[in-house]
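A short worksheet on the structure shown next.
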């Protein structure tokens, strides 16, 4: 729920956390919100749930899976054959950026280059397997920066980058990194800085340092929720007199206990219980 609300908020969706929880839990619309905003929330939530299933099931993310997730995230009706959903872009795209105090046009790799670049992206993405928090941050940064630097879809690249970059984390038992709306300017500036400096969309280790430092601050809220949940669970176990150790607390060198466990933050809450060719990354 938090992930869905935050990622859509970065793209201008006005749903609050409470709105998102109410809509996904109760299945009722939120007064004053547009149909498109409701569809964006539902589509992203479905995509998160589907990707979590893939992570748990050991499904590798290839072109077919990326197209499936894109169809879930992009809920608008297809009205232009050159702006497909669930397929690579068919025309070039770019965005305005600031350079030396002036607005300049930044062109992403062409649609002709995209299939080959994404073939490499998918191949490198498959090797990302973090063992600790530092590696998890680096894996997210590399996947995210390279994806938005290619901008393989006509629209939805920011939502897709934030979704896909969390896949190696979920697959290895870490909770998702959630970038908040309040950090949007810093987030965009960091991505733009890489795109202005580098000819290749694939970052080296040094290129990721500033972005990983930013991601670490954004990850803190997720860890606070996880640790609070562990504390509540431990208290319940103590009150009920259940013997045996409570789930391990998270630290800087470990993922979720036992690995390969999804986190409730990833999916829509159960009833009984949780762009882009323009200037957005």
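Quick notes on this one:
- Residues (over 20 Å from residue 176 (Cβ atoms) and assigned to a helix (DSSP H, G or I)) located in segment 24-53: 26, 35, 36, 37, 38, 39
Yes or no, residue by residue, for (1) in a helix (DSSP H, G or I); (2) in contact with a strand residue (DSSP E or B) (Cβ under 6 Å, 6 or more places away or on another chain); (3) surrounded by 14 or more Cβ atoms within 10 Å (Cβ to Cβ):
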position: 67; (1), (2), (3): yes, no, yes
position: 118; (1), (2), (3): yes, no, yes
position: 124; (1), (2), (3): yes, no, no
position: 141; (1), (2), (3): yes, no, yes
position: 152; (1), (2), (3): no, no, yes
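- Test result for residue 185, farther than 30 Å from residue 115 by Cβ and exposed (fewer than 14 other Cβ atoms within 10 Å of the Cβ): yes
- Looking only at residues in segment 198-211 that are in a helix (DSSP H, G or I) and in contact with a helix residue (DSSP H, G or I) (Cβ under 8 Å, 6 or more places away or on another chain), the one that is surrounded by the fewest Cβ atoms within 10 Å (Cβ to Cβ) is 205.
- Scanning segment 179-197 for residues that are part of a helix (DSSP H, G or I), under 15 Å from the mean Cα position of the chain (by Cα) and under 20 Å from residue 2 (Cβ atoms) gives 181, 183, 184, 187.
- Matching residues in segment 154-167 - criterion: being over 11 Å from the mean Cα position of the chain (by Cα) and either at positive phi or assigned to a helix (DSSP H, G or I) (or both): 156
- Summed over segment 69-116, residues that are within 23 Å of residue 41 (Cα to Cα) and part of a helix (DSSP H, G or I) total 5.
Rundown of residues vs (1) closer than 23 Å to residue 64 by Cβ; (2) modelled with pLDDT of 95 or more; (3) crowded, with 16+ Cβ neighbours inside 10 Å, yes/no style:
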residue	(1), (2), (3)
101	no, no, no
111	yes, yes, yes
115	yes, yes, no
134	no, yes, no
149	yes, yes, yes
168	yes, yes, yes
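The values are calculated or read from the model by the stated rules, or taken from the named source; none is laboratory data. Because the structure is a prediction, the values reported are computed rather than measured. All Cβ positions, even for glycine, are placed from backbone atoms using ideal geometry, and neighbour counts span all protein chains on display.
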